[in-house]
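Shown next, in structure tokens, is the structure this report addresses.
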Amino acid sequence: MQEKRRIVKMWRLTCVSLALLLCAQGSLSQLNVCGQAPLNSRIVGGVDAFEGSWPWQVSLQSSNFGGHFCGGSLINSEWVLTAAHCLPGVTASSLLVYLGKRTQQGVNTYEISRNVISIIVHPSYDSQTSDNDIALLRLSSAVTFNDYIKPVCLAAQGSVFASGTSSWITGWGDIQSGVSLPAPGILQETMVPVVGNDQCNTLLGSGSVTSNMICAGLTEGGKDTCQGDSGGPMVSKQCLVWVQSGVTSWGYGCAEPNTPGVYTRVSHLTCYCNLNYFYCIACFYYLNYFDYLTGFYYFKNTYYFQTSTQSERCGERFDIRNRCNCNPRCRINCCRDYERQCSSLSQLNVCGQALLNSRIVGGVDAPDGSWPWQASLQRFGYHFCGGSLINNEYVLTAAHCLPGVSASSLRVYLGRRTQEGSNSNEVVRTVRTIIVHPYYNSNTNNNDIALLRLSSTVTFNNYIRPVCLAAQSSVFSAGTSSWITGWGDVQAGESLPSPGILQETVVPVVDNVQCNNLLGSGSVTSNMMCAGLLQGGKDTCQGDSGGPMVSRQCAMWVQSGITSWGYGCADPNSPGVYTRVSQYQTWITSKIGTNLPGFVTFNPPISCSPASLNSTSCKGRCNEKYNSTFHCNCNTNCNTNCCTDYQQRCASSLSQLSACGQAPLNTRIVGGVNAPDGSWPWQVSLHSTNFGGHICGGSLINNEYVLTAAHCLPGASASSLRVYLGRRTQGGSNPNEISRTVRTIIVHPYYNSNTNDNDIALLRLSSTVTFNNYIRPVCLAAQSSVFSAGTSSWITGWGDIRAGVSLPSPGILQETVVPVVDNVQCNNLLGSGSVTSNMMCAGLLQGGKDTCQGDSGGPMVSRQCTVWVQSGITSWGYGCADPNAPGVYTRVSQYQTWITSQIRTNLPGFVTFNPPTSCSSASLTSISCKGRCNEKYNSRFRCNCNTNCSKNCCTDYQQRCTM
């Protein structure tokens, strides 16, 4: 295996032309350049790890292979755990183990290295099936633990990693099949949920996943380990420690849909002792031979409990029902099985501690002013709960924050971002009155709501502003995207690290019926609502109580919930529970009396009803994306030719509506981030003198033509257009930018502005452009391409960040990834017959990621081998990032003949996109077939048939991966 890895690295530099030939079907004239983005180091689902985040991570290097070839994990001061398949034919003397390393190139201040004196491969390791794919390396000398070098805890044999358990994977492996981690080679991290073995066997092939293995990954793909990550750890957090559940072993492809990665199940390391007495002796010999025993840790997922004597477990979120969450700092009034749940063997004083890992599961630092209604409630100089400003004198919070608290002991901070250091926009008020709901029940958490009247009024500005409140008839459907914010714990029992920056994340609403099934029948009343990911990973925690949960409608943020209670923090199948604000409009109004908060009826439509479509006065609904069918999208900036119920749906409210729910400094893009310079070198910005700036996107497809949407160009003349290439930002300097005027506009002859069918057009530039790292054409999907449901697709543009809300200055190009939604399902969601065979859909069913106004005409691309292939052109949709409303894109593969007929010479590069996900039964039994194009290397398939490997591959390799 390692020899073949070495060969792959040698060939990468010498076979570029062969790689392009193998990966791209129809080797037309642009294929030597199309789809290449040299500056795009995007990792599907991964990000750079902070220094010291994973102090047990090791890099295995060998003089035989010229550098890093596998990962591993430090399990005590002298031993490293890795995969057996990393070590065939490898001698101890040829190995070097690096610890405390973050980057494969450059300086690593905290790095040390050790030789290896002994390699111990599991005696029952089977290289054909990958069963028992585990090995130990004994280091030449012991290491000293510090913040950057520390052992991980290992899952003991009784551990349970239920389906959906949040699991972190780390390594220096490829960022795509056959694509190495770019310089300087920073350690990567991402989180994936566990997939049950039964489901994994169904996906990967019956019997291929044994009881000694564990699977993890997203059904839609997009996050995974890859070549070079083998042997590295998969870990989950329980209490204050990280527990290693798996060792990276094998899989098909990298981050493909319906193809989880497979890991050696660490908890079975000890059960071998029960199966074989002689190996038991060896096993314990190895363990007892250590200077310090390895820390085996009992990991178990617990969601809810039937008896009052076990009403809470280690790691549970603090709430009024559960006074103590059984973390190590709280050993009274805890579970009877606390010691079994939260303690272990001799390494537990150090194992699994990552003091520099401030990773928040699903959360990030909030920019200053993003949530101007957020309040911090403090006593004796310490934050203990959140709240939200609802007018210039009142703060809304949770009743359970205030038992036994006097008004005189409280301080309310507004305009605050960080709990330490300077907050230049902050004001503080004392509290005049505490008003707890009269029917608040501390045992059930029902009516968990309270008001605080401030000592004096505050003045609104960009950093201090009230939120709108959900009116009593509001509807927050399952899947509604909801933002949660606070300064609470980053894990159960683990405080937000210094300097304590306000955190934010987005979670979907979970309906009450499902939530009651998950948390216990009757525990979630009609005065509560739930939100969270079923796979876990995003949630509020201790210290976030009382804070707001908000959703956006039109240009306003509306508070739907108050953080109330829950089991654990970000655990699978354990949504957070929030007080339902809309139930309390009458009570809040009665208590405040004058200068009332702004109550907004939240019920964003997905589409117009048949009646409204037939009405001459109705041309869309609030939040709808602009398209040619609905000429006005009825947002707050557009009040003509709208639905007759526009005022009722989008503008009815009380006295605070002139100010409530506005966050001028919140540039949050739902699911999108700033694109690095040069990441998408084919992206163009179309400007028009008629409209004074950017109007649409497009993509460069050769040195003279741009592809865009026909609906961008009604009434436009070539002389009014200017095309910008190499541009990253709409404001400020773009040193790599050039511009061209347009010589000719070619709209598809069968474009239908009523149905958006054939929404495609070509622009011929006034003169050719020269390719470089920042300006380069994209490959186009050839006519037989297949983009299966779940295919990871990147969308880019300078469009609105919400319906009716422009991208804020300086207008940096945005990017995000969405899965393909098949046309049948998309038609069911958007209206039967609305999505034709010339269209394709993409988006998350829970919403949160989408294109919007101003992104029209831009590309949707997916990666195959080493090239980016454009599958779609942003066309139309209902709303922006709404649940059950995927975006609709022109299907590029339908237009190969038309594009070719219009351009004729110097043709674009057309690539047949159809990445396989698994080998067929025939190929599995063939002696000569050892894998398929894009498959991840594993011991079962010696060659993964990627573009750098052309021997010992499947007999249908040429058919599958080349023209």
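The values are calculated or read from the model by the stated rules, or taken from the named source; none is laboratory data. Everything numeric here is computed off the predicted structure, so don't read it as measured data. With ideal geometry, Cβ positions are generated from the backbone for all residues, glycine too; neighbour counts draw on all protein chains shown. Areas reflect the complete protein model, heavy atoms only, side chains present, ligands, DNA and RNA absent. Shrake-Rupley method; radii C 1.70, N 1.55, O 1.52, S 1.80 Å.
A few points about this structure:
- Remark on segment 803-871: Rg and Dmax equal 14.1, 40 Å (Cα only).
- Length gained on full extension, SER422 to ARG743, computed as 0.36 nm times the residue gap minus the Cα-Cα distance: 110.1 nm.
- Per residue accessible area of segment 673-911, 1.4 Å probe, in Å²: 32 Å²
- In the full protein context, segment 443-511 carries 30 Å² of accessible surface per residue, based on a 1.4 Å probe and ignoring ligands, DNA and RNA.
- Pairs spanning more than 25 Å between alpha-carbon atoms, out of LYS538/LYS591; LYS223/LYS538; LYS223/LYS849; LYS237/LYS849: LYS538/LYS591; LYS237/LYS849.
- Of ASP800, ASP544, the residue with the largest accessible area leads and the full order is ASP800, ASP544 (1.4 Å probe).
- Net +/- balance of residues flanking SER124 in space, Cβ distance below 15 Å, scoring K and R +1, D and E -1: -2
- Near ARG265, once Lys and Arg are set to +1 and Asp and Glu to -1 for all other residues with Cβ below 11 Å from its Cβ, the sum equals -2.
- Extension gain, THR144 back to LEU96 (0.36 nm per residue minus Cα-Cα distance, nm): 15.6 nm
- Calculated FRET value between SER495 and TRP587, using beta carbons and R₀ = 51 Å, to 0.05: 0.95
- Gain on full stretching of the segment that runs from THR219 to GLN472 - 0.36 nm per residue minus C-alpha separation: 87.4 nm
- Whole-percent carbon and sulfur share, accessible surface of segment 703-839, 1.4 Å: 46 percent
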